[in-house]
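Student: The structure under discussion is supplied below as structure tokens; questions concerning it will follow.
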Amino acid sequence: MDLSDYRFTESHEWVQVREGLAYVGITDHAQEQITDITAVELPAEGKTVKAGDEIALVDSVKSTFSIFAPVGGKIVRVNESVVEDPSIVNTSPYGEGWLVAIEMSDPSEIDALMDESEYEELIAEEE
């Protein structure tokens, strides 16, 4: 999969800007570590967040994992599909498994995130 227009965080979230909105999800590496996702809890639309704020909880057979906002702004969309069928996050982490869309307050925050090659280096260092 071509991830060249995605940006990544050290806590394994991804961001892809589409039509001015920052779509956020967890990386394939993260879903592999979390394993079988059993529930996803998302915030309400309209909530304002700062980069680093907790924006979602992902439950698995192992534990509950916090998901953090890679950028700040207002949450304008939440993906109800992953609430109804959490396994989508496992099967399509970069596609249908997105979690929220954020209307960014400062689009330049994207520049501080890792590109694909930097993220791959991070994963290699962790393993």
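Student: What is the packing order of peptides 97-108, 35-46, taking the mean over residues of other C-beta atoms within 10 Å and listing the highest first?
Tutor: Values: 97-108: 18.8, 35-46: 14.7.
So the order, starting with the most tightly packed, is 97-108, 35-46.
Student: So between SER92 and GLU118, what do we pick up on full extension, going 0.36 nm a residue minus the alpha carbon distance? Mind dumping the intermediate values first?
Tutor: Numbers: separation 26, 0.36 × 26 = 9.36 nm, distance 2.17 nm.
Result: 7.2 nm gained on full extension.
Student: Test of understanding: ordering ASP2, ASP28 by Cβ neighbours within 10 Å, fewest first, what list do you get? List each step's numbers first, then the result.
Tutor: Numbers: ASP2 7, ASP28 18.
Ascending number of Cβ neighbours within 10 Å: ASP2, ASP28.
Student: In Å and on Cα atoms, what radius of gyration and Dmax does the stretch 63-127 show?
Tutor: Rg, Dmax (Cα atoms, Å): 13.9, 35.
Student: Quick one: dipole size for the stretch 1-103, taken about the Cα centre, charges +1 on Lys/Arg Cβ and -1 on Asp/Glu Cβ, in debye to the nearest 20.
Tutor: Numbers: 7 positive and 18 negative charges, 69 e Å.
Magnitude of the dipole: close to 320 debye.
Student: If you project the alpha carbons of the stretch 6-120 onto the principal axes, what extent comes out on each, in Å, largest first?
Tutor: 36, 33, 22
Student: Which of the lysines could be linked to LYS74 by a straight reach, that is with a Cα gap under 22 Å, when you skip same-chain ones fewer than 8 residues away?
Tutor: Hits, sequence-local ones excluded: LYS47, LYS50.
A short reminder: the numbers here are calculations on the coordinates, not readings from a lab. Keep in mind the model is a prediction, meaning the values are calculated, not measured. So basically every Cβ, Gly included, is an ideal-geometry build from the backbone, and we count neighbours across all protein chains shown.
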